[in-house]
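Everything below concerns the one structure shown next.
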Amino acid sequence: MSNELTYAVIMAGGAGTRFWPLSRNAFPKQLVKIVGDTTMIQATVARLQPLIPAERVLVITTAALAAETRRQLPMVRPEHVIAEPVGRDTAACVCLAALVVEKLSPGATMILLPADQVIKPADHFQKALAAGIDVARTGALVTYGITPRFPATGYGYIKLAARLADVGGVAINRVLGFVEKPDENTAKRYLSEGGYRWNSGIFTWRSDVVLSELETHCTWLTTALQPVGEAFGTPDFERVLNEVYQPLKKISIDYALMEKAANICVVTADFTWDDVGSWDSLYDHLPVDAQGVIARGDVLALDCRDSLLISESGQTVVGIGLHDLTVVATKDAILIVPKGRSQQVKQAVDALKAKGRNELL
């Protein structure tokens, strides 16, 4: 049976390589200030308040990032920042989190969300979450869909089925299916047809329900991780977690569960959402002057147009006559890339890694 408590589980193990050179292995995207005056993970925790108090927030991160995550989130209980010894994709993360929540408060509802999205305003976000919580307490798996604004090829899509109800003024539909990232023509067709939503990667469900569903569709995972749930809160937890996690195969929650389960509902989100996947996405979130220039830090832009200039280096960055460029300067590296090609920054990171330039990663 469900109870009245709700936990939030923040997934915070990503590398954020497309935001190099600001995002590094030791300080990836979620732990740096990409948008606003706080880091992305701090903003994620803040927008959950007061719906989910900090004592019911858990963070799943990596061993390398756990100490910095705890430092940035002093309001979160240290034992609630859980470090995966190795990355095993989102299905393992979900199962681990559900086992911990079930140990803390059997049958509690849990919201699962990434640490590195831009969502606003917070009150609309919480309204959608509250509707999802109500539906999840009935035993459904709930996801949140974003009404497409353009034919995006970088997001997965959710196909809507029958409208169920409006909960607190928020539309709830059954899910007909999940669609992988489409090509441009297919994405255009989705927009013209309607009835599709971007997949936000945010979920709500009861801990006992999702564990039961995983037991049905991914038995090997629940069987492997059960000892970890039992060990949570004991001195053996880290040892058991390390022993159990290492042999797990990687699989996403979409493949492991969401594409197989039957009782799935989607909340059409009434908030602005962006997974800020590259430097180009910041034009929607940072102040842009009349010439289309974003300048942050010690920057002087002369006769520049439609460009992003950021200095985190302690030095002055001067741009003259720059058009359609992204320039990001840190203490040890400078990125220069044409606007519209910042998704390829990951290729630069891969090339640096191949050259053994680990001091820049």
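Normalising the Debye intensity of segment 295-357 to I(0), with uniform scatterers on Cα atoms only, and taking log10 at q = 0.21, 0.27 Å⁻¹ returns -0.84, -1.12. Where only DSSP H runs of four or more residues are counted, the chain gives -8500 deg cm²/dmol as its mean residue ellipticity at 222 nm, each run worth -39500 (n - 2.57). FRET efficiency for the Ala351 to Asp166 pair, using the beta carbon distance and R₀ = 35 Å, is estimated at 0.10. Per the Debye calculation on segment 161-248 with a single equal scatterer at every Cα and no solvent contribution, log₁₀ I(q)/I(0) for q = 0.12, 0.25 Å⁻¹ amounts to -0.65, -1.29. Charged neighbours of Pro227, selected by a Cβ distance under 13 Å, balance to -2 (K, R count +1; D, E count -1).
Under the combined filter of DSSP loop state and at most 14 neighbouring Cβ atoms within 10 Å, segment 78-185 retains these trypsin sites (Lys or Arg not before Pro): Arg149.
Taking other C-beta atoms within 10 angstrom as a stand-in for reagent exposure, Ile41, Ile34 fall in the order Ile34, Ile41, fewest first. Using the Cβ-Cβ distance between Val86 and Asp303 with R0 set to 45 Å, the FRET efficiency from 1/(1 + (r/R0)^6) comes to roughly 0.35.
Ordered by the number of other Cβ atoms lying within 10 Å of each residue's own Cβ, fewest first, Asp37, Asp208 fall into the sequence Asp37, Asp208.
Rg/Rh for segment 168-322 stands at 1.12; both radii use Cα atoms, and Rh follows the Kirkwood definition. Here the Gaussian network model covers the chain, with springs between Cα atoms less than 10 Å apart; of Gly156, Gly87, Gly297, Gly297 fluctuates the most. Determine which residues of segment 330-346 fall in the zone a paramagnetic label at Thr316 would reach in this model, i.e. backbone nitrogen under 19 Å from the point 7 Å along Cα→Cβ. Only 330-331 pass the distance filter. Among residues other than Gly36 with Cβ under 12 Å from its Cβ, the summed charge is +3 (Lys and Arg +1, Asp and Glu -1). Each Lys or Arg adds one and each Asp or Glu subtracts one; over the other residues with Cβ under 10 Å from the Cβ of Ala92, this totals +1. How far, in degrees from 0 to 90, does helix 89-104 lean away from the longest principal axis of the Cα atoms of the chain, to the nearest 10? Helix 89-104 and the main axis of the chain meet at about 50 degrees.
By other beta-carbon atoms within 10 Å, ranking Leu214, Leu308 with the fewest at the front produces Leu214, Leu308.
DSSP bridge analysis restricted to segment 200-348 gives an antiparallel fraction near 30%, rounded to the nearest 5. Pairs of Cα atoms in segment 1-52 fall into 5 Å distance bins, from 0 up to the last occupied one, in shares of 5, 18, 24, 19, 13, 8, 6, 4, 2, 0 percent. Here the average projected area of the convex hull drawn through the C-alpha atoms of the chain stands at 18.7 nm². The ellipsoid that matches the Cα gyration tensor of segment 230-361 has semi-axes, each √(5λ) in whole angstrom, of 40, 24, 15, with the longest given first.
Exceedance of the 31 Å cut-off in Cα-Cα distance is limited, within the set Lys181/Lys331; Lys260/Lys355; Lys120/Lys249; Lys120/Lys346, to Lys181/Lys331; Lys260/Lys355; Lys120/Lys249.
Every number here is computed from the coordinates shown, using simple stated rules; none is lab data. Computed from a predicted structure; not experimentally measured. No Cβ is skipped: glycine too gets one built from the backbone with ideal geometry, and neighbour counts run over all protein chains shown.
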